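The values are calculated or read from the model by the stated rules, or taken from the named source; none is laboratory data. These numbers were taken from a predicted model, which means no experiment stands behind them. Glycine gets a Cβ as well: all are built from the backbone with ideal geometry, and neighbour counts include every protein chain shown. The protein model used for the area step is the full one, side chains on, heavy atoms only, and it has no ligands, DNA or RNA in it. Shrake-Rupley method; radii C 1.70, N 1.55, O 1.52, S 1.80 Å.
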Amino acid sequence: MQAAITAFLRHGADEAGLSPATIEAYRRDLTALEAWCRERDLGEVEAITQADIRGFAASEHRRGLSPRSIQRRLSGLRRFFRHLRREGVVSDDPVQGVRAPRVRRKLPEVLDIDQVLALLDIPEENELATRDRAMLELFYASGLRVSELAGLTWDRLDLGEGLVRVLGKGRRERLVPVGRHAVRALKQWQRVHASVAGLQQPRIFTSLKGRSLGVRAIQKRVAYWSQRQGLDQRVHPHQLRHSFASHILESSGDLRAVQELLGHANLSTTQIYTHLDFQHLAKVYDETHPRAKKKSS
């Protein structure tokens, strides 16, 4: 088994072009499997069965590995055995059909409408504030990912029609509306942008010296304004995207429309917002229904 692991890792580094971090992660996965097999006198990689892989995953769970970590570990083993099949070392893939324990999906944190309005109420007292207001207004108006916003160029924005063409994950393009408040803020910034960045800079959001803003810089500005505007939490860009989706779904009930607006390839990704909507309904029920359980003091 050790020879098979060494050959697989060498292939990953020399031929498949995997990064050193990925190679090291696979090494940890396979070393753990090898140790588990050694304890059970399973020395030959060809002898490993689906039941063995299930037993290995269960033992990792018992020793405290999280479901997400077990999922990642099984992913490494899956690649290993696929490689062995291609090389003719094994005839069957014992990892196929083995599932990790279910990962409990963490519901995204959202801002309520009052919090969003407080965050966006940025006085445009200087050029930096004008840019940041346009940036935050567009985040919430169109539900963009931070990477999408960082890469956005002026030619993808139609302020007359209130639309933005977004290039999302998998280079999938979608057309998203831009609300009137965001349009107004973007027009204000466009006038400033022309003077500080020049007409040759295609990116919408830049520093006052005309350099494109990266994801980390944008995250810092959102966090800065959440503190400056008196919110009781540090806001990150994805919270504005989550809030956009939750508020649209809460008002419309149209999950398919939210999927399209967010650029999700699968509806199952969007369905997490139905849980958020139910949380809101449950809170309203608990706070208003005469027979609802009273909160303990």
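For His11 and Thr49, the FRET efficiency from 1/(1 + (r/R0)^6), where r spans their Cβ atoms and R0 equals 22 Å, is about 0.40.
Heavy atoms of the protein chains alone define the surface here; on that basis the chain has 58 Å² accessible area per residue at 1.4 Å probe size.
How big is D, in µm² s⁻¹, for the range 95-237 by Stokes-Einstein at 4 °C and 1.567 mPa s if Rh is the Kirkwood radius over C-alpha pairs?
Here the translational diffusion coefficient equals 79 µm²/s.
If you wrap the range 1-46's Cα atoms in a convex hull and average its projection over all directions, what's the area in nm²? Spell out each step's value before the answer.
Details: hull surface 12.2 nm².
Seen from a random direction, the Cα hull of the range 1-46 projects 3.0 nm² on average.
Three semi-axes describe the equivalent ellipsoid of the range 134-203; taken as square roots of 5 times the Cα gyration tensor eigenvalues and ordered largest first, they are 19, 15, 10 Å.
At a threshold of 8 angstrom on Cα-Cα distance, excluding pairs fewer than six apart, so keeping six or more, what relative contact order does the range 64-131 reach in percent?
So the answer I get is 28 percent.
Amide H contacts under 5 Å for Ser212: Ser207, restricted to partners 5 or more places along the chain or on a different chain, H placed in the peptide plane at 1.01 Å from N. Annotation: aspartates and glutamates with alpha-carbon distance below 18 angstrom to Lys283 (same-chain offsets under eight excluded): Glu109, Asp112, Asp114, Glu250.
Peptides 40-46, 242-248, 232-238 ranked from most to least packed give 242-248, 232-238, 40-46, packing being the mean of other C-beta atoms within 10 angstrom over each peptide's residues. Pairs from the list Lys169/Lys209; Lys187/Lys209; Lys169/Lys220 with a Cα-Cα gap above 26 Å: Lys169/Lys209.
Of the heavy-atom accessible surface of the chain (probe 1.4 angstrom), what whole percent is carbon and sulfur?
48
Under the simplified labelling scheme, the Arg203-Ser19 pair shows an inter-label distance of 2.0 nm, with each label point 7 Å from Cα along Cα→Cβ.
Helices in the chain, meaning DSSP H runs of at least 4 residues, each add -39500 (n - 2.57). Divided by all residues, the mean residue ellipticity at 222 nm is -18500 deg cm²/dmol. Charging the Cβ of each Asp and Glu at -1 and of each Lys and Arg at +1, and nothing else, the dipole of the range 129-247 about its Cα centre rounds to 300 debye. The order of the peptides 136-147, 9-20, 54-65 by mean Cβ neighbours within 10 Å, most packed first, is 136-147, 54-65, 9-20. Given +1 at the Cβ of Lys and Arg, -1 at the Cβ of Asp and Glu and no other charges, the dipole of the chain around its Cα centre is 300 debye to the nearest 20.
If R0 is 45 Å, the Cβ-Cβ spacing of Arg234 and Ser91 corresponds to a FRET efficiency of close to 0.25. With the highest mean first, a sort of the peptides 186-194, 264-272, 198-206 on other beta-carbon atoms found within 10 angstrom per residue produces 186-194, 198-206, 264-272. The relative contact order of the chain comes to 15 percent, based on Cα pairs under 8 Å that sit 6 or more residues apart.
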